[in-house]
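The values are calculated or read from the model by the stated rules, or taken from the named source; none is laboratory data. Quantities reported herein were computed from a predicted structural model and do not represent experimental measurements. With ideal geometry, Cβ positions are generated from the backbone for all residues, glycine too; neighbour counts draw on all protein chains shown. For accessibility, only protein heavy atoms count, side chains too; no ligands or nucleic acids. Shrake-Rupley method; radii C 1.70, N 1.55, O 1.52, S 1.80 Å.
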Amino acid sequence: MKFLPFLAFLAMMFGAPALAEEVVASPDGTITVTVDVNGEGRPFYRIDKGGNAVFTESRLGFLLTDQDKLERRLAIAGTTRKSHDETWEQPWGEQRFVRDHHNELTVRFEEDSDEKRRFGVTFRVFDDAVAFRYVFDDRSMGETLRVADELTEFNLAQDGTAWWIPGGEWNRYEYLYERTPISALSTVHTPVTMVLENGTHVSFHEAALVDYSGMWLRRMEGTRLRAQLSPNPRGPKVVRKGAFNTPWRTIQIAD
């Protein structure tokens with residue numbers, strides 16, 4: 001008991017310890033997403049399916065035109081969790097009724113800086129998919145956010161085969177699909193579909209794309225992909241005032 005005052009003193013001097021990694025699983029427990037920060041305070045996520053890695057450590061962050069880049073000296077400051085199970089009917093399509101069954105985790109990050117910038121990332125995990133988006137709802141980010149590009153990564157755990165068309169070329173979406181190794185991609189449009197060497201199927205796209213630049217995927221090295229926002233001739237790729245969410249980055253994952 002004599003050590004309690006000393007521990008309280010240390011807590012005041014050095015602050016509370018950083019929160020441990022956060023994990024959220026699909027309703028059936030097959031897919032898990034792990035969210036954490038590394039030793040430099042760089043946030044990342046991982047995705048596993050059936051105990052096998054689909055994505056290894058994949059970075060999260062932003063390049064901004066009028067602020068320091070948002071990518072390091074960050075710590076997990078809090079989390080919220082939800083579960084959702086609803087069936088809705090669509091007016092047309094191959095499937096009349098769609099079940100929306102997922103577990104949700106929102107991780108709040110805070111920067112170790114004078115500004116103490118804060119933002120969140122919300123992950124939704126389904127039995128056959130993962131979706132996530134950034135949440136900018138804190139005044140610490142300023143009145144207007146001007147985005148130069150995202151630093152969002154999709155670091156695939158292994159090579160495989162991809163079906164794709166090039167992104168950012170003169171003929172937009174009017175190309176024949178190519179079939180190459182994932183490790184041979186350049187910049188591609190979504191949706192892009194892949195089969196990893198272990199047979200896992202992965203398909204990338206986005207949803208709720210409103211007042212935001214469309215996303216291409218650019219291969220950085222090996223099988224590490226990064227989101228690349230389509231350009232804006234007026235300057236920043238995205239300019240948003242007030243609180244907003246980015247589009248969902250969607251990843252279908254299946255056998």
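Which label belongs to the value computed from this structure, given these candidates for volume of the Cα convex hull per residue in Å³: (1) 167; (2) 123; (3) 155?
Of the listed options (1) 167; (2) 123; (3) 155, (1) comes from this structure.
Please work out the average accessible area per residue across the stretch 169-255, using the 1.4 Å probe convention, and give it in Å².
Numbers: 4770 Å² over 87 residues.
Per residue, the stretch 169-255 has 55 Å² of solvent-accessible surface.
As I understand it, the value is the acute angle between the Cα axis of helix 3-14 and the longest principal axis of the Cα atoms of the chain; what does it come to in degrees, rounded to 10?
The helix 3-14 is inclined about 60 degrees to the chain.
Normalised by the residues of the stretch 142-187, what does the relative contact order come to in percent, with Cα pairs under 8 Å and at least six apart? Kindly include the intermediate steps, with their values, before the conclusion.
Details: 33 pairs, mean separation 16.8, N = 46.
After rounding, I find 37 percent.
So, by mean Cβ neighbours within 10 angstrom, what's the order for 242-255, 79-92 with the highest one leading?
Top to bottom by mean Cβ count within 10 Å: 242-255, 79-92.
Based on the Kirkwood radius over alpha-carbon pairs, what value in µm²/s does the Stokes-Einstein equation return for the translational diffusion coefficient of the stretch 122-255 at 25 °C and 0.890 mPa s?
Details: Rh = 15.8 Å.
The estimated diffusion coefficient comes to 155 µm²/s.
Using Cα pairs closer than 8 Å and at least 6 residues apart in sequence, work out the relative contact order for the stretch 17-67, in percent.
Working: 72 pairs, mean separation 12.0, N = 51.
Rounded, it is 24 percent for the stretch 17-67.
Per the 1.4 Å probe, what fraction of the accessible area of the chain, in percent, lies on carbon and sulfur atoms? All intermediate terms of the calculation are to be shown ahead of the outcome.
Numbers: 7000 of 13790 Å².
About 51 percent, which is the carbon plus sulfur part of the accessible surface.
Calculate the FRET efficiency for THR87 and GLU178 from the Cβ-Cβ distance with a Förster distance of 51 Å, rounded to the nearest 0.05. Kindly include the intermediate steps, with their values, before the conclusion.
Details: r = 37 Å, r/R0 = 0.73.
That pair, THR87 with GLU178, gives E of 0.85.
Do any GluC sites (Glu not before Pro) in the stretch 132-225 lie in a loop, going by DSSP, with at most 16 other beta-carbon atoms within 10 Å of their beta carbon, and if so which?
Values: sites: GLU143, GLU150, GLU153, GLU169, GLU174, GLU178, GLU197, GLU206, GLU221; in loops: GLU143, GLU169, GLU174, GLU197.
Filter output for the stretch 132-225: GLU143, GLU169, GLU174, GLU197.
Using the Cα centre as the reference, give the magnitude of the dipole from point charges on the C-beta atoms of the chain (Lys, Arg: +1; Asp, Glu: -1; all else neutral), rounded to the nearest 20 debye. Don't jump to the answer; show the numbers that get you there.
Details: 31 positive and 38 negative charges, 121 e Å.
With only Lys, Arg, Asp and Glu charged at Cβ, the dipole is about 580 debye.
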